[in-house]
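Structure record follows, encoded as structure tokens.
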């Protein structure tokens, strides 16, 4: 609870800080002159990103029997939950929907998401991760862990097998590189939409800076924190603050509308009701 309140407070504080000295009339003027062809290009890139992330998740789950369409819907539901609830609750929605509803197992699903985040971090910061997840020890200070807990632990670490399978690991990293390359291309398409003379490499820098910054506590939808990170990154490379804020508003608005809409559609397709006990596919 304290972490959630901290995230909300941080978002409000950063939003207040980043909107100081912003010329809002100029923001409106900038947004009125958007090139919508590049916006449509960016939206198509977001769909491609979601498909790549779905493909990667299925690979990490070990070629799961779950259809890609179902994993795609669950992934978009997680984005919907992240926009309305704090503390990245969308990841818990993924764990519950795949682990419980699709009977993959809560522990295995949680492990797959952790692996996904680890590989994302590896690609983002270009740092080698230790692959020491072989045989975990089940005897600690002479106290034996109960067999049921051991089974859960084994299930959790079963998704880590990909870190020891060179071909699957290489494919997962390859897909992740594509994901972040297209994430940068999404940023670049909005640079073009707003007429910014910025390079693709600036777009890549923005993607890395923002996504690493979002690891910290944030309010629902990352409001305030997202704007602060974008404005900080863009002003660092020489973009004027009001222009940088206009870009932040445009990107956040498009992502919010698109991902929430997809999430609601996906939830209706699999009859997602967090308060109900029964599940029914449409």
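Every number in this text was worked out from the coordinates using simple rules, so none of it is lab data. This is a predicted model, so every value here is computed, not measured. Note: ideal-geometry Cβ built from the backbone for every residue, glycine included; neighbour counts use all protein chains shown.
Report relative contact order for segment 62-102 in percent, whole number only (criteria: Cα-Cα under 8 Å, sequence separation at least 6).
Numbers: 23 pairs, mean separation 14.8, N = 41.
Relative contact order for segment 62-102 comes out at 36 percent.
What is the extension gain from residue 257 to residue 68, computed as 0.36 nm multiplied by their sequence separation minus the C-alpha to C-alpha distance, in nm to one decimal?
Details: separation 189, 0.36 × 189 = 68.04 nm, distance 2.29 nm.
The residue 257-residue 68 span can extend by a further 65.7 nm.
Take 184-190, 13-19 and order them by the average number of nearby Cβ atoms within 10 Å per residue, most first; the result is 184-190, 13-19.
Round to the nearest 0.05 the FRET efficiency obtained for residue 269 and residue 28 when R0 = 35 Å and r is the Cβ-Cβ distance.
Details: r = 37 Å, r/R0 = 1.05.
Efficiency at R0 = 35 Å is approximately 0.40.
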